[in-house]
Structures are given as structure tokens and as C-alpha cells.
Amino acid sequence: MKKINLAAALLPVFFAAGCATGPSAEQQAAMAADARSTAGSLIKQLGGELKKSIEANGPVEAISVCKEKAPAIAASLSKSSGFAVKRVSPKNRNPNGVPDAWEAQAQDALEKRLAAGEKPETLDTWQVVKTSSGKEFRYAKALVTQQVCLTCHGTDIPDGIKAKLAAEYPQDKATGYGPGMVRGIVSIKRPL
Ligand code: HEC
């Protein structure tokens, strides 16, 4: 109920953002392509680090890859792309990963598209929105769970991992997932 009210409250903002003074359709499409490739790099780099670490030292040690490498990769991509890049989820593990209103409604919309049969790889969305400090380009890409994710985000997490997660993330909400669910989003934004 809360979500629906929120989305309704934001609608006029989104419509206002569509007016003629904003970036052209071509400029928006170019930014979307840039954001898509930046999100792709984050997923590829983090996936590579995760795989390497699990193979070398097992999943308990790989928790530190998620803890240290994920924010580091996001920060380095933010620097090289000029976007602000991060990962968020309504069921966040890192306390900094709480979605804002736009991110929450974007994830909701992507979940509906996944449920309607869309392929995980193409699940992204973008928009120019008006904020109190000006216009912003916003982009979200869904992170859909694969088998490997469930070791640390699933329903049957091995004890060693459970213990380390409990120690490092006492407010962890990011468990209980099955395969093919939207775990969170890569969120990208840039002021215009
Ligand atoms: C080895 C354990 C492990 C595996 C495997 C793993 N994660 Fe995570 N995940 C974590 C940890 C730890 C964090 C918190 C990272 C931080 O502190 O920024 C996290 C955070 C996240 C976040 C950021 C939002 C939040 O909850 O804080 C997303 C999104 C996410 N993981 C998705 C995935 C997806 C999708 C996969 C599979 C491709 C995956 N994870 C595999 C341990 C793991």
C-alpha cells in the first residue's frame, strides 16, 4: 500500500520531467547507453572477482570481496564514467544500500517485467527526473539471482557463512532468496 501511494505521489514529477526543456531524446538515449555499459562493467568485474575468490579460498573468504571490492569497483566506475554508481536493495545487507523512492519504484517495475516473462539480461530502466535541485538522469539495472548468489543470499546458507554474515552485518535483510529473483539493482545517476 505504501509503495503504491509513493508511486502515485511521484507521477507528476516524472511527467514534469518529460517536458521540452530537458535533454533531447538522442542525448537521453546516449546517456542510457553509457549507463548500461557502466552497469555491465560493474556486474562483470564483481562477478569475476567473486568467482576468482570462491575458487581460490571458498565462499566464506569471498564475503570480503563483496564487502571491499563491490564498493571499490563502484567508486572507480563512478570516477571513470562521471555517474554516481551503487548497488541498493529494499532487503539490503549493507546498511548504506537502502533504496530511495525512485530506486524502490524502479526495482518494483523491473520485478513486474521479470514476472511478465522478460529476460533478466534486458531488465533495465531509465528516466530524467526533476528534483528540488534540478534535473537528474536516473538509471536502474536489475540484479537477478543465479545459483552462485544463493550461497550468501539463499534460504539454506552454510553455517560458516551465516556466522560471518551475522558478525559483519548484524542488520542483514538480504537472505531468503531463490533463483531468478531480483536481489537488488545497480543504480546510476547524474545531475543534468
Ligand atoms: C560470498 C558471498 C556472496 C555471494 C556469493 C553474493 N553476495 Fe551479494 N552481497 C554479499 C555481501 C557480503 C554484501 C554486502 C556488501 C557490502 O558491504 O557492500 C552483498 C551485497 C549485495 C548487494 C547490494 C545490496 C545489499 O544488499 O547491500 C546486491 C544487489 C547483491 N549482493 C547481489 C548479489 C547477486 C546478484 C549475487 C550473485 C551474482 C551475489 N550478490 C552473490 C555477499 C555475497
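A few comments on the model shown:
- Against the test of being hydrophobic (A, V, I, L, M, F, W, C), more than 19 Å from the chain's Cα centre (by Cα) and surrounded by 17 or more Cβ atoms within 10 Å (Cβ to Cβ), the options 62, 39 yield a single qualifying residue, 62.
- Candidate set from the stretch 23-36 (those that are exposed (fewer than 13 other Cβ atoms within 10 Å of the Cβ) and not acidic (Asp, Glu)); member that is farthest from residue 121 (Cα to Cα): 24
- Restricting the search to helices (runs of 4 or more DSSP H) fully inside the stretch 39-148 and requiring at least 2 residues that are among the hydroxyl-bearing types (Ser, Thr, Tyr) gives 70-81.
- Only residues that are without any contact (Cβ under 8 Å) to a residue 24 or more places away in the chain and more than 7 Å from the ligand (Cβ to nearest atom) were counted across the stretch 41-57, and they come to 7.
- Residue match in the stretch 94-112 (condition: β-branched (Val, Ile, Thr), within 12 Å of the ligand (Cβ to nearest atom) and loosely packed, with under 15 Cβ neighbours inside 10 Å): yes
- Flag if residue 186 is more than 14 Å from the ligand (Cβ to nearest atom) and in a strand (DSSP E or B): no
- Subset of the stretch 58-103 [of a type in the set (Gly, Ala, Ser) and free of Cβ contacts under 8 Å to residues at least 12 places away in the same chain]: 58, 64, 72, 75, 76, 78, 80
- The set of residues from the stretch 128-150 being within 14 Å of the ligand (Cβ to nearest atom) and buried (at least 17 other Cβ atoms within 10 Å of the Cβ) comprises 140, 141, 142, 143, 144, 145, 149, 150.
The numbers here are math on the coordinates, done by the rules we state, and not lab data. Remember, it's a predicted structure, so these values are computed and weren't measured experimentally. Note: ideal-geometry Cβ built from the backbone for every residue, glycine included; neighbour counts use all protein chains shown.
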